[in-house]
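The values are calculated or read from the model by the stated rules, or taken from the named source; none is laboratory data. Small disclaimer: the values here were computed from a predicted structure and weren't measured. Cβ placement follows ideal geometry from the backbone for every residue including glycine, while neighbour counts extend to all protein chains displayed.
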2 protein chains.
Amino acid sequence: MDQPIGVIDSGVGGLTVASELMRQLPKEKLIYLGDTLRCPYGPRPKEEVIQFTMEMVDFLLKKDIKLLVVACNTATAFTLELLQEKLAIPVIGVIQPGARAAIKMTQKMQIGVIGTEGTIASKAYPEALHSINSEIEVHDLACPLFVPMVERGVLNGPDAYSVIEDSLHSIKEKQQIDTLILGCTHYPLLKDTIQAVVGDAVHIISSGEETAREVSAIMGYHQTLYEGERIPMHEFYTTGSWEVFQQIANNWLNIPINIIENANIVID
Amino acid sequence: MDQPIGVIDSGVGGLTVASELMRQLPKEKLIYLGDTLRCPYGPRPKEEVIQFTMEMVDFLLKKDIKLLVVACNTATAFTLELLQEKLAIPVIGVIQPGARAAIKMTQKMQIGVIGTEGTIASKAYPEALHSINSEIEVHDLACPLFVPMVERGVLNGPDAYSVIEDSLHSIKEKQQIDTLILGCTHYPLLKDTIQAVVGDAVHIISSGEETAREVSAIMGYHQTLYEGERIPMHEFYTTGSWEVFQQIANNWLNIPINIIENANIVID
């Protein structure tokens, strides 16, 4: 199928998912919409996250997408079921793929989850994990300092290490987990530093990689993958500022973004 | 959904897939059918593999399965598309999940594939890999000695190491691959020895783990997972001898099998 894959995110974090989609599905065209004007979603009430997400979805549906990726953990926690009910196309969130990958990986049945306050408070990861295996012990922890740190470009070095070490203190002290889910799409940019803090014995699961893998599986299964040969021209839209967006795309993810268009989806 | 997942294999190899399904989806009931009477499928002509597979599928459909796993690479290569067309339930093979996992994993775009003569001759892995990314270089190699070795119970030690080292000589010499797909469901039982031969720098992909992960994803997406709490009673059927079957299940995979029933699916 020629049609593009739609990707929505509260801002720039979903670029880690987009980058993995491009790597694992190099023939597929992406249309990405980041709600940079109203980012972050993490601290917002549920109703607001649903309203904003629906506005983004409407914008992408007009672009004739064949599949929608909700590349934001907070939006996935609050809107995935609703979107899967309402939309005629497949909708893939970032929580379930991470949960399934962690279940595949863990040997000790002790899984850590870190994310924004909204995602952690939603209990979406413990629910996803326990719906499959109720014996898994989940250690979840909100890390509210990580997103602002990534957006300031502090990804490694002593400052990043110090903030991450302090934040993960309670998870690290228990020394029980063998698998840690990065439950926020910003966090893969901190992966090296997080790995250094938690040690090599802990396997880190990055939502982006796992979501791209499941998009590939679902599209393979439904036979909706693009079958010819092409170098796709991706499209990027934001609702507001795009400085951090372009910086993260070009400097850290090696996504060459030349054109970002403004998406006028915000009424007020 | 209460219904069981059906698993078919030419014999005992598919038990590595069943074992991973039990680990990753502990609430799901399995009905496994191994065609031990007519095993192996690897050297058989395509028409025969199709006929035997169809007989097994008919047996499992009568057991009201909700999803079918073709846990045999040769049968997947020859029958997957046909089964997906004909059956009303989802059909998952072992080739595509392994291919997708390898694409996720490789950094050098150099992927090795080892399997039976039938699977390697079918070119199913290069096709699956290239349909997604035509720039991947695939190094495939038939290892006809591995299945008989596993069935004799030789999994490690100097004899196994020597056979595996000789067999993988041509792949190892090139020193290019960073990812190796075990394209036969018997091979995960040799994984430690294969890893020792190819070295730690090569990431080994085991079809069983990856197929179980995709079964979980497809059933999660289609909302057909069992939602309650239960310890399922799995059922195992073979068409002939079950000595090797019980040995592999009990000794090497820690699958407690007390009852194996005979499946009278073979007419002549």
> What helices (runs of 4 or more DSSP H) lie completely within segment B:189-247 and have 2 or more residues being over 18 Å from the mean Cα position of the chain (by Cα) and without any contact (Cβ under 8 Å) to a residue 60 or more places away in the chain?
Replying inline: B:191-198, B:207-221
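With hydrophobic (A, V, I, L, M, F, W, C), free of Cβ contacts under 8 Å to residues at least 60 places away in the same chain and touching a strand residue (DSSP E or B) at 6+ places or on another chain (Cβ under 7 Å) as the only criterion, which of B:L68, B:L30, B:L60 stands out?
On the way: B:L68 fails: free of Cβ contacts under 8 Å to residues at least 60 places away in the same chain; B:L30 fails: free of Cβ contacts under 8 Å to residues at least 60 places away in the same chain.
Testing whether each residue is hydrophobic (A, V, I, L, M, F, W, C), free of Cβ contacts under 8 Å to residues at least 60 places away in the same chain and touching a strand residue (DSSP E or B) at 6+ places or on another chain (Cβ under 7 Å) leaves just B:L60.
Let me confirm something: among B:T211, B:T239, B:T179, which residue is away from every other protein chain (no Cβ under 14 Å), hydroxyl-bearing (S, T, Y) and crowded, with 21+ Cβ neighbours inside 10 Å?
On the way: B:T211 fails: away from every other protein chain (no Cβ under 14 Å); B:T179 fails: away from every other protein chain (no Cβ under 14 Å).
The conditions single out B:T239.
Where residues in segment B:1-42 are assigned to a loop (DSSP other than H, G, I, E, B) and within 14 Å of another protein chain (Cβ to nearest Cβ), which of them is modelled with the lowest pLDDT?
Keep residues of segment B:1-42 that are assigned to a loop (DSSP other than H, G, I, E, B), which gives B:1-4, B:10-14, B:25-29, B:35-42.
Now restrict to residues that are within 14 Å of another protein chain (Cβ to nearest Cβ): B:1, B:25-28.
Values: B:M1: 85, B:L25: 96, B:P26: 95, B:K27: 95, B:E28: 96.
So, considering only residues that are assigned to a loop (DSSP other than H, G, I, E, B) and within 14 Å of another protein chain (Cβ to nearest Cβ), the one modelled with the lowest pLDDT is B:M1.
What are the residues in segment A:53-83 that are charged (D, E, K, R) and away from every other protein chain (no Cβ under 13 Å), if any? Give the derivation first.
We begin by selecting, within segment A:53-83, every residue charged (D, E, K, R); these are A:55, A:58, A:62-64, A:66, A:81.
Matches in segment A:53-83: A:E55, A:D58, A:K62, A:K63, A:D64, A:K66.
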> Does A:A124 satisfy the condition of being among the small types (G, A, S), under 15 Å from A:G42 (Cα atoms) and not assigned by TED's automatic domain parsing to the domain that holds A:W252?
Replying inline: yes
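Please specify each residue of segment B:162-188 satisfying the condition of being assigned to a helix (DSSP H, G or I) and aliphatic (A, V, I, L, M).
If the condition is that a residue be assigned to a helix (DSSP H, G or I) and aliphatic (A, V, I, L, M), then B:V163, B:I164, B:I171 are the ones that fit.
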>> I'd like the full set of residues that are in a helix (DSSP H, G or I) and modelled with pLDDT under 95, limited to segment A:60-75.
In response: A:N73, A:T74, A:A75
> Just checking, how many residues over segment B:162-176 are over 22 Å from the mean Cα position of the chain (by Cα) and on the phi < 0 side of the Ramachandran plot?
Replying inline: 9
> Mind checking which pairs have a first residue in segment B:138-150 that is under 17 Å from B:L180 (Cα atoms) and a second that is in a strand (DSSP E or B) and of a type in the set (A, V, I, L, M), Cβ under 6 Å, 6 or more apart or different chains?
Replying inline: B:V138/B:I111; B:D140/B:V113; B:L141/B:I114; B:C143/B:I114
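Residues checked against (1) buried (at least 24 other Cβ atoms within 10 Å of the Cβ); (2) modelled with pLDDT of 95 or more; (3) under 23 Å from B:A101 (Cβ atoms):
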site	(1), (2), (3)
A:A77	yes, no, no
A:V94	yes, yes, yes
A:I114	yes, yes, no
A:M149	no, no, no
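Let's see how each residue does on (1) of a type in the set (D, E, K, R); (2) surrounded by fewer than 20 Cβ atoms within 10 Å (Cβ to Cβ):
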site	(1), (2)
A:I111	no, no
A:L129	no, no
A:V163	no, yes
A:D200	yes, yes
